[in-house]
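Chemist: Here you go, one structure.
The values are calculated or read from the model by the stated rules, or taken from the named source; none is laboratory data. Here the structure is a predicted model, which means the values were calculated and not measured. Methodologically, a virtual Cβ is constructed for each residue, glycine included, from the backbone with ideal geometry; neighbour enumeration extends over all protein chains shown. Remember, those area values only see protein heavy atoms, side chains included, never the ligands or the DNA or RNA. Shrake-Rupley method; radii C 1.70, N 1.55, O 1.52, S 1.80 Å.
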Amino acid sequence: MSKKVRRLFEGFKPSHYMISLNPNRDDMTIAGTVTIRGRKTGAPSHRLTFHQNGLSITKATITKHDKKETRLLTVDRINHQRSLEEVRLHSKDALYAGEYSVMLEFSGTITRPMEGIYPCNYMQDGRAKQFIATQFESHAARQAFPCIDEPEAKATFDLTITSPINEAVYANTPIKHQATEDDALVTTFETTPVMSTYLLAFAYGDFAQKEATTKNGTLVRTLATRDNIAHTDFALQTAVRCLEFFESYFDIPFPLPKCDFVALPDFAAGAMENWGFITFREQALLVDAQNTSLPSKQYVAEVICHELTHQWFGNLVTMRWWTDLWLNEGFANVMAYFAVSKLFPEWDMMTQYIVEEQQVALKLDSLKNTHPIEVAVNHPDEIPTIFDAISYNKGGSSIMMLSNYLGQDTFRDGLRHYLKTHAYGNTNTVDLWQALEEISKKPINDMMSAWTSQAGYPLVQVKISGNNVHLQQERFFVNPSERLQTRDTAVWPIALNAGENAPAILRAKTATFKAANAETLKLNQGQSSFCRVIYNPEHLHKLAKLVEAGHLAPVDRMGILSDAFEAAKAGYGDTVSALKLMDAYRDEDADIVWDIMAANFTSIRLVMNDDHLRETTKPYGRAMIAKQLSRLGWEPRQAENHFDTLLRPTILAIASTCDEKTVVDEALKRFKTMQASEDIAPDLRGLIYTTAARHGNTATFDKLLALHNASSSPEERVTLAAALTGFKQPELIKRSLALITSENVRLQDVMYWISYSLGNRFARDATWQWLKDNWQWLKTNMGNDTSFTSLPARAARVMSSKAFLEDYTTFFSSVMEPAIERSFNQGLETIEWQAAWRDRDLERLRKYFESYSA
């Protein structure tokens, strides 16, 4: 990783910014001025330093504010330190500690990557249109104006924007004053609360809006293109309800008079929590009754609640430095599901959290090249590498463990105490533990520090003889070679959740106890602890019988199966044994369990990468889904429950990939007869489009592409991207890859196209070559967004060949930089463990599926 940069906040502590910005669409430039009021600290010097990136500071003044007078000091030199992203103002006058105002005039650029100040392009009524918007997290505010661009450097902001007449302009706070000057609209906004630079935001363009008001009088607005504003009703209703819920839960009113929810046509992340002006990728905010699938509707609700959590966790109380990013993202990750579960209890979101969030973190954290939740960040270029499943999903899973340990009421009261104590300030992890300890009177730091300060997580091995239970914990590595090479000294305090007689918490490497009923013993009930559990074969067989009899809750059935498969991948057992365990799930009807069943069936086919095995898995797959296919069919039943609606596409997709003739024929028939996307139910479109692609030709490709280019639905375009990248003909693969850099694919969707194409075994090699050939284009257009910095790991996930390692290493070594180094190392390890799994189990799996199909 790169060398540690110095913290500018240590030398100058801003308290207020007056910013005037004039972004010019015509030449993609920015002209601006900023006056920064703040306090210089430390020894006398002749220099003040601020962050800037890509700006040219053309004029600067320094004013010293003494108790008795105000003095203008000389700035004799402006020094741009481009490599450090700094501007240094040199003065002949000695600059002593005290209060200063610094005025800077500057120019910059509207950027192509979706960070800083950037354009959002879209079509409306056949005309090209454009919003101008911002994305400043993590450290792109310095691309828009000189500042102290660190989370601890909190200040208030007065923002003035010059924009075109007849276009709406919005920012964090309501408009204070607006006037026309020189054929432009000049808008000054009300002063913001004390906040970090990365939370400042604005946008202007031909926005349409809808609005509502919370019980406490907060104005809530949804903003979108005029074509899409009708699809913001669900978001508006959900936002109002969620804002009211969090005001009650945290016992702290939302501190701004309004909160906007903005759907942007081009947006790199899912959404961004700018205080009072939350920006979204369109797919994360729009719900169209004719075109939005049920999972996407859930996703919209979850993202809205995630960003509203941040209005307290992250905005009101902010981490001191990026090391504690998890205090923002971990909380928002789990609290979003908690809020949605209160707003839509029929969705059972906390159970879905285990599969959708916790399991993702467990997979990433099983690598040696993971990182602790509290991760050292030495340079801003490293920041994108920690916006990952550790900071988000593992952080959230740790919070879920803690809330279960404390009890929900105590946990809530501790959060209230933490937020009220540190409102408008900055914290680290210890501050949170201290607040929770004060309320709960429990040793929170002792319980939680092991989970946040060390990488990885425990595997608990269980051996049962009679009623005697022996437990042993060790760090779980999915790569067997790492397990052999790494000296295992880590110990976690593990909440066993194992029922009567079992220890509440396993604090040592080993423990023994007598179970009250060893026959039905299942550790980690409810899957709330962040660990994996494997059992001796005799006891696993007994658990399989409980699964068959329906005596375990769905989340526990899921946990047993997931742990068994992951242990097999890591070499603790073999995959055939895990498949035999899955035979006990032949009557399974729970969507969350099927997510794990489908994922592992797919991973076997992907990683083994063997044409013969792939064919012999098809009879197994058809038998696996037969009962649910018969039960669910193609059409929703009257009063069907939420989870059957979620399950149907999973079952039909497995049937299609396993060449279940009735399903393939019906999918192709529906595709042939459709005239528009609306002719197919949104939950089934992905299945039908991808089936058509696998069995299609040039005419099929042309039809899918026409649907893609004509659609204004962001979800629909991504669904169609999965199909357009799913052909096997070389000429169609070439056409698909060529589209990525064309105007037909939005920048925000590029990574979908690459990931889907890498996942197509017929297109994998061509996509890898395309990625190498177009690396500079990706770098130029995507910047250091996480979708770009994660590319090495994305490419590695679909590879299980040791021969590929050399090419992978050679290429990424040639383009290496701090922003991709962690992803590269994770990818390297992924290829190694997948190759080891393939070498170890391929022949056994061939024989198993051959005998099964015979």
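Chemist: What do you get when you divide the Cα radius of gyration of the chain by 2.2 N^0.38 Å, with N the number of residues?
Modeler: 0.97
Chemist: If each residue of separation counts as 0.36 nm, what is the full-extension length gain between Thr673 and Lys802 once their alpha-carbon separation is subtracted?
Modeler: 41.9 nm
Chemist: Compare the Cα positions of Val317, Asn825, Val718 along the charge dipole of the chain (+1 at Cβ of Lys, Arg; -1 at Cβ of Asp, Glu; about the Cα centre) and return the one farthest towards the positive end.
Modeler: Asn825
Chemist: Give, in nm to one decimal, the length gained when the segment between Asp773 and Ser481 is fully stretched (0.36 nm per residue of separation minus the Cα-Cα distance).
Modeler: Full extension from Asp773 to Ser481 adds 101.8 nm.
Chemist: Something else: For the charge dipole of the range 524-667, defined by +1 on Lys and Arg C-beta atoms and -1 on Asp and Glu C-beta atoms about the Cα centroid, which residue among Gly571, Tyr585, Asn609 has the Cα displaced farthest towards the positive pole?
Modeler: Gly571
Chemist: At a 1.4 Å probe radius, carbon and sulfur cover how many percent of the accessible area of the range 145-272?
Modeler: On the way: 1890 of 4120 Å².
Using a 1.4 Å probe with all protein chains present, the range 145-272 comes out at 46 percent carbon and sulfur.
Chemist: With an 8 Å cut-off on Cα pairs and a minimum separation of 6 or more residues, tell me the relative contact order of the chain in percent. Please report the intermediate quantities before stating the final value.
Modeler: Values: 1624 pairs, mean separation 74.8, N = 854.
Here the relative contact order equals 9 percent.
Chemist: Can you tell me the length gained on complete extension of the stretch Ala423 to Thr213, counting 0.36 nm per residue apart and subtracting the Cα distance?
Modeler: Stretched fully, the Ala423-Thr213 segment lengthens by 73.1 nm.
Chemist: Hey, another quick one. Rg/Rh for the range 208-348: what does it come to with C-alpha atoms and Rh from Kirkwood?
Modeler: Details: Rg = 14.2 Å, Rh = 15.0 Å.
Across the range 208-348, the Cα-based Rg/Rh ratio is 0.94.
Chemist: Suppose every Lys and Arg Cβ carries +1 and every Asp and Glu Cβ carries -1, with no other charges. What dipole size does the range 303-431 come out with about its Cα centre, to the nearest 20 debye?
Modeler: 240 debye
Chemist: Asp266's amide H: which non-local residues (gap 5+, or another chain) put their own amide H closer than 5 Å, with H modeled 1.01 Å from N in plane and none for Pro or chain starts?
Modeler: So Asp266 has HN proximity to Asn121.
Chemist: OK, next. Using the C-alpha atoms of the range 713-782, what convex hull volume per residue, in cubic angstrom, is computed?
Modeler: 73 Å³
Chemist: In whole Hz, with x marking every Gly and Pro, tabulate ³J(HN,Hα) for the range 809-818 from phi via Karplus 6.51 cos²θ - 1.76 cosθ + 1.60, θ = phi - 60°.
Modeler: Listing the rounded values in order: 5, 4, 5, 5, 5, 6, 10, 4, 8, x Hz.
Chemist: Would you kindly give the portion of the calculated P(r) for the range 648-731 that falls above 16 Å, as a percent of all Cα pairs? Working shown, then result.
Modeler: On the way: 1593 of 3486 pairs.
When all Cα pairs of the range 648-731 are counted, 46 percent exceed 16 Å.
Chemist: Give a residue-ordered list of calculated ³J(HN,Hα) values for the range 539-554 (Karplus: 6.51 cos²θ - 1.76 cosθ + 1.60, θ = phi - 60°; whole Hz; x for Gly, Pro).
Modeler: Each residue of the range 539-554 in turn: 6, 4, 4, 5, 5, 4, 5, 5, 4, 4, 7, x, 8, 10, 5, x Hz.
Chemist: Taking every pair of alpha-carbon atoms in the range 552-673, give the share separated by more than 20 Å as a whole percent.
Modeler: Value for the range 552-673 (Cα pairs over 20 Å): 46 percent.
Chemist: I would also like to ask the following. Put a dot 7 Å past each Cα toward the Cβ at Asp27 and Val430; how far apart are the dots in nm?
Modeler: Result for the modelled spin labels: 5.2 nm.
Chemist: To the nearest 0.05, what FRET efficiency results for Ile505 and Arg412 with a Förster distance of 25 Å applied to their C-beta separation?
Modeler: Efficiency computed from Cβ-Cβ geometry: 0.70.
Chemist: Which listed residue (Pro253, Leu219, Ala336) has the Cα farthest towards the positive end of the charge dipole for the chain, taking +1 on Lys and Arg C-beta and -1 on Asp and Glu C-beta about the Cα centre?
Modeler: Checking the options against the dipole of the chain, the answer is Ala336.
Chemist: With the cut-off at 1.5 for a/c, could you classify the range 253-317 from its C-alpha gyration tensor as rounded, prolate or oblate? Each step should come with its number before you reach the end.
Modeler: Numbers: a/c = 2.19, a/b = 1.89, b/c = 1.16.
It is prolate, given that a/c is not under 1.5 and a/b is the larger ratio.
Chemist: If you don't mind, another one. Please get the size of the charge dipole for the chain, origin at its Cα centre, with Cβ charges of +1 on Lys and Arg and -1 on Asp and Glu, quoted in debye to the nearest 20.
Modeler: So the magnitude is around 1400 debye.
Chemist: Residues of the range 55-142: accessible area per residue at 1.4 Å, in Å²? List each step's numbers first, then the result.
Modeler: On the way: 4050 Å² over 88 residues.
Counting only protein heavy atoms, the per-residue value for the range 55-142 is 46 Å².
Chemist: Can you tell me the mean projection area, over all orientations, of the convex hull of the range 737-815's alpha carbons? Units nm², please.
Modeler: Mean orientational projected area (the range 737-815, Cα hull): 5.0 nm².
Chemist: Express the carbon and sulfur contribution to the solvent-accessible surface of the range 438-575 as a percent, rounded to the nearest whole number, probe 1.4 angstrom.
Modeler: The C+S portion of the solvent-accessible surface of the range 438-575 is 50 percent.
Chemist: For His470 and Arg127, what is the calculated FRET efficiency with R₀ set at 60 Å and r taken between the beta-carbons, to the nearest 0.05? Walk me through the numbers before you get to the answer.
Modeler: On the way: r = 71 Å, r/R0 = 1.19.
With a Förster radius of 60 Å, E is 0.25.
Chemist: Next question, about the same structure. List the residues whose amide H sits under 5 Å from the amide H of Phe12, counting only those 5 or more places along or on another chain, with H placed 1.01 Å from N in the peptide plane.
Modeler: Long-range HN contacts for Phe12: Thr41.
Chemist: With a ≥ b ≥ c taken as the square roots of the eigenvalues of the C-alpha gyration tensor of the range 323-461, please select rounded if a/c is under 1.5 and otherwise prolate if a/b is larger than b/c or oblate if it is not?
Modeler: Cα axes put the range 323-461 in the rounded bin.
Chemist: Can you give me the Kirkwood hydrodynamic radius for the range 609-680, using every pair of distinct Cα atoms, in Å to one decimal?
Modeler: With all distinct Cα pairs of the range 609-680 included, I get 13.5 Å.
Chemist: Report for the chain the percent antiparallel among DSSP-assigned beta bridges with both residues inside it, nearest 5.
Modeler: Working: 98 of 121 bridges.
Of all bridge pairs located within the chain, approximately 80 percent are antiparallel.
Chemist: Which of rounded, prolate or oblate describes the range 608-760 when judged by the alpha-carbon gyration tensor and an a/c cut-off of 1.5?
Modeler: oblate
Chemist: In Å, what Kirkwood hydrodynamic radius results for the range 1-117 from the alpha-carbon pair distances? Don't jump to the answer; show the numbers that get you there.
Modeler: Values: mean 1/r = 0.0654 Å⁻¹.
In the range 1-117 this quantity evaluates to 15.3 Å.
Chemist: Per residue, how many Å² of accessible area does the range 697-797 show with a 1.4 Å probe?
Modeler: Values: 3760 Å² over 101 residues.
That works out to 37 Å² per residue.
Chemist: About the Cα centre of the range 88-238, how large is the charge dipole given +1 on each Lys and Arg Cβ and -1 on each Asp and Glu Cβ? Please answer in debye to the nearest 20. Intermediate values should be presented prior to the final figure.
Modeler: Values: 12 positive and 19 negative charges, 59 e Å.
My answer is approximately 280 debye.
Chemist: OK, next. List the residues, sorted by chain then number, that are 5 or more residues from Phe207 or on another chain and whose placed amide H is less than 5 Å from its amide H.
Modeler: Close amide H contacts, sequence-distant or interchain: Ala168.
Chemist: With a point put 7 Å past each Cα toward its Cβ, work out how far Arg112 is from Arg7 in nm, to one decimal.
Modeler: 3.7 nm
Chemist: In the range 14-71, what percent of the accessible surface is made up of carbon and sulfur (1.4 Å probe, ligands and nucleic acids excluded)? Can you show the working numbers first?
Modeler: Numbers: 1400 of 2920 Å².
Of the solvent-accessible surface of the range 14-71, carbon and sulfur hold 48 percent.
Chemist: Same structure again: Can you tell me the relative contact order of the range 194-351? Whole percent, Cα pairs under 8 Å, sequence separation 6 or more.
Modeler: Over the range 194-351, the number comes to 20 percent.
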